[in-house]
Amino acid sequence: MKRNIAFILLLTQMYFLMGMGRVPLVSDQKCALCGREVHHDMFANLTFKNGESEPACCLQCAITYEKQTGKKAEYITVTDYYSHETVDSQKAFFVIRSNISPCCNKEILRIPNGNALMLKYDRCLPSIIAFENKDNATKFMTEHGGTLETIQDIRSSD
Ligand SMILES: [Zn+2]
Ligand SMILES: [Zn+2]
């Protein structure tokens with residue numbers, strides 16, 4: 001019985017942690033790939049030749065969307081992490097593998113008995129954070145680590 005209660009507490013806490021999202025950009029917009037809500041600081045948008053577009057929670061999902069559906073975007077816009085301005089992904093600076101991953105739950109979940117659960121896989125990892133300005137990207141890296149890449153680097157690395 002005690003075990004069951006502990007398990008329920010664990011589930012409740014995990015559910016709570018997973019629900020701690022950020023304020024969505026547009027309440028009814030969900031990532032076309034993973035279904036997560038899209039957020040101001042990570043939003044990516046794919047626009048296709050026929051003018052249609054699909055929202056993605058981050059560039060990682062936008063690129064995976066292209067691979068999985070075979071629908072290559074004419075262009076992808078991303079959102080500056082600090083200003084939330086829309087930026088052409090070809091011109092943006094990306095910090096990949098920093099310790100910030102806004103799409104995901106915390107990488108380590110503390111459970112009530114003090115043990116930690118590690119998040120092993122998430123389609124939004126490693127996180128890709130976009131900046132319009134290289135100085136801001138560099139500044140961000142001094143605090144959060146990661147490496148600076150262009151969209152070409154990211155596309156060619158997998
Ligand atoms: Zn997504
Ligand atoms: Zn994402």
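The values are calculated or read from the model by the stated rules, or taken from the named source; none is laboratory data. Predicted model only: the values in this text are computed from it and were never measured. Because the Cβ atoms are built from the backbone with ideal geometry, glycine has one as well, and the counts that use them run over all protein chains shown.
Annotations
- Qualifying residue in region 8-30 (condition: surrounded by 18 or more Cβ atoms within 10 Å (Cβ to Cβ), near ligand 1 (Cβ under 10 Å from one of its atoms) and modelled with pLDDT of 90 or more): no
- Restricted to strands (runs of 3 or more DSSP E) entirely inside region 47-89, those with at least 1 residues that are among the charged types (D, E, K, R) and exposed (fewer than 14 other Cβ atoms within 10 Å of the Cβ) are 86-88.
- Tally of residues being in contact (Cβ under 8 Å) with a residue 40 or more places away in the chain and outside any strand (DSSP E or B) across region 123-152: 17
- Complete set of residues in region 40-52 that are touching a strand residue (DSSP E or B) at 6+ places or on another chain (Cβ under 6 Å) and modelled with pLDDT under 95: 43
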